[in-house]
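The values are calculated or read from the model by the stated rules, or taken from the named source; none is laboratory data. Keep in mind it's a predicted model, so treat the numbers as computed, not measured. Backbone-built Cβ (ideal geometry, glycine too); neighbour counts: all protein chains shown.
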C-alpha cells in the first residue's frame, strides 16, 4: 500500500491507543500517558510524529520512553516515525490524573499532594505528606531527592518506613 494511503488510514486515537499502555520506565505501575508526557500526535502523508515532554529537563527516562514508543509503533507497522521532545509548556504534576495518583499510592509512592501552586518549598513551611503505607500524617522529610530526581525521600514516624514522594513540579 502506498505510504500516503497508509497514513490516511491512521488516526491520532489509534496511535494514542497503541502507546498509552507503555509503562513509565521508572514507575511501571503507571503509563506514560497517565504520567502526561504524551503531548501530541501529528500524522501527515509521509510521517507520524509523536511529541513528548519530559517530567523535568535532563530526565534519564526520556530515551527509554522514546525507544518504547518506537518499538510499539514499529511493531504495529507505523512507517516514518519521528519522536520530538517538546519543552514548552513545561510538564507539571497537574497532568497526572487522580486514578494514576491512586496507583502511585498503592505502589508505595506518595503522589503529589497539591498542584504546582504549592509554595511550601519557597516558604520553608513543612509539607505534610501522607505515608502511602499507613496513611499517617506523621512523616519526616529526609532528602530532596529520592529514588529519582523527581521524587523526594520521606520517612513515616509511625510505621518507620521510608518512602518516595512525587514532588509537585
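Scanning segment 62-78 for residues that are in contact with a helix residue (DSSP H, G or I) (Cβ under 9 Å, 6 or more places away or on another chain) and surrounded by 14 or more Cβ atoms within 10 Å (Cβ to Cβ), we see that the one that is farthest from residue 14 (Cα to Cα) is 65. Checked against (1) under 30 Å from residue 17 (Cβ atoms); (2) at pLDDT below 95, residue 149 passes all but a single condition, namely (1). When you look at residue 51, is it under 25 Å from residue 23 (Cβ atoms), modelled with pLDDT of 95 or more and crowded, with 16+ Cβ neighbours inside 10 Å, yes or no? It is false that residue 51 is under 25 Å from residue 23 (Cβ atoms), modelled with pLDDT of 95 or more and crowded, with 16+ Cβ neighbours inside 10 Å. Can we say residue 96 is free of Cβ contacts under 8 Å to residues at least 40 places away in the same chain, crowded, with 18+ Cβ neighbours inside 10 Å, under 14 Å from the mean Cα position of the chain (by Cα) and within 30 Å of residue 152 (Cα to Cα)? So residue 96 does not fit the description; no. Candidates 54, 79: the one that is more than 21 Å from residue 97 (Cβ to Cβ) and assigned to a loop (DSSP other than H, G, I, E, B) is 79.
For segment 20-48, a residue qualifies if it is outside any loop (DSSP other than H, G, I, E, B) and surrounded by fewer than 20 Cβ atoms within 10 Å (Cβ to Cβ), and the qualifying residues are 23, 31, 33, 39, 40, 41, 42, 43.
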